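The values are calculated or read from the model by the stated rules, or taken from the named source; none is laboratory data. Source: prediction; values computed, not measured. Positions of Cβ are backbone-derived with ideal geometry, glycine not excepted, and every protein chain shown enters the neighbour counts.
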2 protein chains.
Amino acid sequence: VPAGDAVPELVDRARGGDPRAVARLVTLVEDGSPQLPELAALLAGLSADAERVHVVGLTGAPGVGKSTLTSALVGCYRSAGSRVAVVAVDPSSPFSGGALLGDRVRMQQHATDGGVFIRSMAARGRLGGLAEATPQAVRLLASVGFDVVLVETVGVGQSEVDVAAAADSVVVVVAPGMGDGVQAAKAGILEIGDLYVVNKADRDGADMAARELRQMLRLGPAPGPDGWERPVLRTSAAEGTGVGELVAALAEHRDWADRTGALTTRRRRRAADEVVALATARLVAASGAGLDRGSRLEELAEQVRTGATDAYRAAAALLADR
Amino acid sequence: VPAGDAVPELVDRARGGDPRAVARLVTLVEDGSPQLPELAALLAGLSADAERVHVVGLTGAPGVGKSTLTSALVGCYRSAGSRVAVVAVDPSSPFSGGALLGDRVRMQQHATDGGVFIRSMAARGRLGGLAEATPQAVRLLASVGFDVVLVETVGVGQSEVDVAAAADSVVVVVAPGMGDGVQAAKAGILEIGDLYVVNKADRDGADMAARELRQMLRLGPAPGPDGWERPVLRTSAAEGTGVGELVAALAEHRDWADRTGALTTRRRRRAADEVVALATARLVAASGAGLDRGSRLEELAEQVRTGATDAYRAAAALLADR
């Protein structure tokens with residue numbers, strides 16, 4: 001951060017609506033800046049302001065149209081006057097360099113709107129990675145005045161699912177013909193959704209996909225008396241149909257979660273994940289910056305490899321050294 | 001483990017070729033048994049035997065035919081007289097209960113072959129999860145006499161990719177028409193493969209998929225003078241074509257890795273990941289069994305949620321309490 005861009009000033013400017021200050025702060029989070037503890041302490045003081053945010057996770061397999069749907073959601077929230085931030089989570093990739101052009105192009109209609117902030121996060125080279133960076137980015141954006149934070153994850157793997165599942169409301173997006181039910185079950189999506197969306201609903205097979213999804217969801221545990229009945233909605237994000245209904249269903253879920261305490265539980269879980277990720281990162285750093293030559297961790301790993309010790313004794317040694 | 005099934009006896013029986021003993025030991029690993037430190041210490045003593053194993057990771061998007069290819073590879077290795085173990089890594093799913101029928105049915109031709117061991121691992125409810133369980137299972141299988149361990153991961157997310165990437169040789173499987181290059185780049189597969197396979201090569205578009213893949217790989221860093229030129233192979237696992245060539249290419253990669261020291265580095269990395277995962281699990285357990293009501297972690301997470309503290313200070317407190 002250049003001189004004159006101290007963290008407290010950046011936070012003030014971001015809260016005043018300066019998009020460049022927001023962008024700088026998110027970059028600090030993405031890069032794992034040494035100023036993050038200072039930022040975290042500042043944001044803790046703003047947590048009352050951050051409480052009213054709605055954090056929406058969107059996940060689903062590649063190709064289902066998540067980015068198009070996210071863009072349509074942004075448009076819908078904007079017409080209602082909400083400020084919206086989008087955090088698109090990409091796996092770390094030295095080739096792609098984080099943001100992928102294709103997706104961001106679809107977002108370009110929002111590029112000049114000051115009430116919208118969009119960032120692809122890769123969390124390259126960070127210990128703790130996205131598990132640590134995403135909640136920090138979400139808390140930051142919530143604290144500087146965004147009403148809705150959309151966390152869009154690319155891919156269907158466990159860590160992406162975990163990131164999306166930490167949202168206040170989790171939207172699982174599928175598309176007709178994108179694979180049968182078994183594939184859906186494999187990807188673990190049946191456990192994590194609060195709302196399900198069959199996107200590209202104008203396509204053949206949308207009816208069947210929605211029916212199949214409802215059936216599979218019925219196999220799960222039934223909601224209790226005060227439980228949430230998970231809806232299966234249909235959208236055609238490209239044509240803009242069904243998006244208003246999704247926003248309404250999201251508001252309904254947010255209200256339900258607030259009323260029943262589910263929101264508090266979810267947010268506590270998010271905080272716990274972040275604390276554990278940071279503690280792990282500290283632990284690894286304390287052992288000598290990961291696998292750097294000559295680090296304690298490298299030494300222990302080599303001993304495990306050769307059989308001089310085992311992983312349990314090595315883990316105990318790593319903890320004892322701290 | 002029932003009486004008479006002490007860990008040292010199970011290891012002896014497994015080394016003698018008893019498939020039930022192998023299955024019991026893998027279950028201990030999957031369940032995160034309290035006997036694992038004892039097992040790990042025993043296996044450390046057998047590491048010289050385990051060194052000659054070839055650990056092959058297979059990864060790729062759902063639907064590319066990984067299971068069929070894995071099954072074909074098993075057949076090919078078996079005809080050469082090798083003992084083969086397959087660890088299929090599924091995301092944790094309370095619905096699917098770990099193994100998915102469809103995939104396993106394809107493997108049934110090997111079900112009665114004593115030289116083949118097949119297990120779907122979900123690592124449900126384990127702290128540290130698959131990052132911890134998979135290397136343990138691999139070490140176990142290598143120590144009890146399997147020549148090849150195939151680690152097949154379902155999904156294309158970061159944690160699955162990480163699990164596969166820890167193998168000695170990583171095979172990335174794609175299929176024609178399964179999504180364009182951008183989707184491949186998103187999934188992060190261009191960074192992790194040692195060998196690339198276009199499966200379902202009898203389908204339209206296989207030529208183009210192979211060409212596109214070669215082009216994308218060429219955008220990456222060039223291999224050095226002693227580097228490994230990543231091949232793009234074509235298989236039709238269902239028809240059995242190209243599988244022998246893949247086995248040959250895998251042997252070539254194993255030889256190259258052994259000669260250049262890449263194998264040692266990869267295995268040290270695998271051990272380090274396991275050590276860190278175990279240390280993290282210990283840390284979380286020490287804070288009072290995760291998020292159980294009244295645990296220290298729950299208390300700290302609640303303080304982070306309300307802004308009474310921030311995640312950095314909470315992580316430091318968690319470490320100090322240990």
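Would you say A:Ala23 is more than 19 Å from the chain's Cα centre (by Cα), more than 21 Å from B:Ala308 (Cβ to Cβ) and of a type in the set (Gly, Ala, Ser)?
Details: more than 19 Å from the chain's Cα centre (by Cα): no; more than 21 Å from B:Ala308 (Cβ to Cβ): yes; of a type in the set (Gly, Ala, Ser): yes.
Taking the combined requirement at face value, the residue does not satisfy it.
Test A:Asp194 against the criterion of being over 22 Å from B:Pro62 (Cβ atoms), at pLDDT below 95 and under 20 Å from the mean Cα position of the chain (by Cα), and give yes or no. Lay out the reasoning, then the answer.
Numbers: over 22 Å from B:Pro62 (Cβ atoms): yes; at pLDDT below 95: yes; under 20 Å from the mean Cα position of the chain (by Cα): yes.
When the stated conditions are applied, A:Asp194 passes them.
For the stretch B:181-191, which residues satisfy the criterion of being at pLDDT below 70 and either buried (at least 22 other Cβ atoms within 10 Å of the Cβ) or more than 9 Å from every other protein chain (Cβ to nearest Cβ) (or both)?
Filtering the stretch B:181-191 for residues at pLDDT below 70 gives B:181-189.
Within the stretch B:181-191, B:Gly181, B:Ala184, B:Lys186, B:Ala187, B:Gly188, B:Ile189 meet the criteria.
Residues in the stretch B:52-67: is at least one free of Cβ contacts under 8 Å to residues at least 12 places away in the same chain and among the small types (Gly, Ala, Ser)? Please lay out each step first, then the result.
Narrowing the stretch B:52-67 to residues free of Cβ contacts under 8 Å to residues at least 12 places away in the same chain: none.
Scanning the stretch B:52-67 turns up no residue that is free of Cβ contacts under 8 Å to residues at least 12 places away in the same chain and among the small types (Gly, Ala, Ser).
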Checklist entry - Looking at (1) at pLDDT 85 or above; (2) within 25 Å of B:Gly63 (Cα to Cα); (3) part of a helix (DSSP H, G or I), which is the only condition A:Ala201 fails? => result (3)
Next on the checklist: Suppose we filter the stretch B:27-41 for residues that are touching a residue at least 12 places away in the same chain (Cβ under 8 Å), part of a helix (DSSP H, G or I) and under 17 Å from A:Asp310 (Cβ atoms); how many remain?
Outcome noted: 6
Checklist entry - Does the stretch A:299-316 hold any residues that are assigned to a helix (DSSP H, G or I) and crowded, with 24+ Cβ neighbours inside 10 Å, and which are they? => result A:Leu300, A:Ala301, A:Val304, A:Ala311, A:Ala314, A:Ala315
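Residues checked against (1) loosely packed, with under 14 Cβ neighbours inside 10 Å; (2) assigned to a helix (DSSP H, G or I); (3) at negative phi; (4) away from every other protein chain (no Cβ under 14 Å):
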{"residue": "A:Val197", "(1), (2), (3), (4)": "no, no, yes, yes"}
{"residue": "A:Met216", "(1), (2), (3), (4)": "no, yes, yes, no"}
{"residue": "A:Ala222", "(1), (2), (3), (4)": "yes, no, yes, no"}
{"residue": "A:Glu245", "(1), (2), (3), (4)": "no, yes, yes, yes"}
{"residue": "A:Arg259", "(1), (2), (3), (4)": "yes, yes, yes, yes"}
{"residue": "A:Arg268", "(1), (2), (3), (4)": "no, yes, yes, no"}
{"residue": "A:Ala272", "(1), (2), (3), (4)": "no, yes, yes, no"}
Checklist entry - Any idea which residue in the stretch B:34-49 is surrounded by the most Cβ atoms within 10 Å (Cβ to Cβ), counting only those that are out of contact with any Leu (no Cβ under 7 Å at 6 or more places or on another chain) and at the interface with chain A (Cβ under 8 Å from one of its Cβ atoms)? => result B:Ala40
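From the list B:Leu278, B:Leu319, B:Leu283, which one is within 8 Å of chain A (Cβ to nearest Cβ), touching a Phe, Trp or Tyr at 6+ places or on another chain (Cβ under 9 Å), at pLDDT below 85 and part of a helix (DSSP H, G or I)? Full working, then the answer.
Values: B:Leu319 fails: touching a Phe, Trp or Tyr at 6+ places or on another chain (Cβ under 9 Å); B:Leu283 fails: touching a Phe, Trp or Tyr at 6+ places or on another chain (Cβ under 9 Å).
So the residue among B:Leu278, B:Leu319, B:Leu283 that is within 8 Å of chain A (Cβ to nearest Cβ), touching a Phe, Trp or Tyr at 6+ places or on another chain (Cβ under 9 Å), at pLDDT below 85 and part of a helix (DSSP H, G or I) is B:Leu278.
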Checklist outcome for this item: All-but-one check, A:Gly17 against (1) closer than 27 Å to A:Asp255 by Cβ; (2) in contact (Cβ under 8 Å) with a residue 40 or more places away in the chain; (3) not β-branched (Val, Ile, Thr), failing number (1)
Checklist outcome for this item: Pairs returned, first residue in the stretch B:294-305 that is in contact (Cβ under 8 Å) with a residue 24 or more places away in the chain, second residue that is surrounded by fewer than 20 Cβ atoms within 10 Å (Cβ to Cβ), beta-carbon separation under 7 angstrom, 6 or more apart or interchain, are B:Arg296/B:Gly288; B:Arg296/B:Asp321
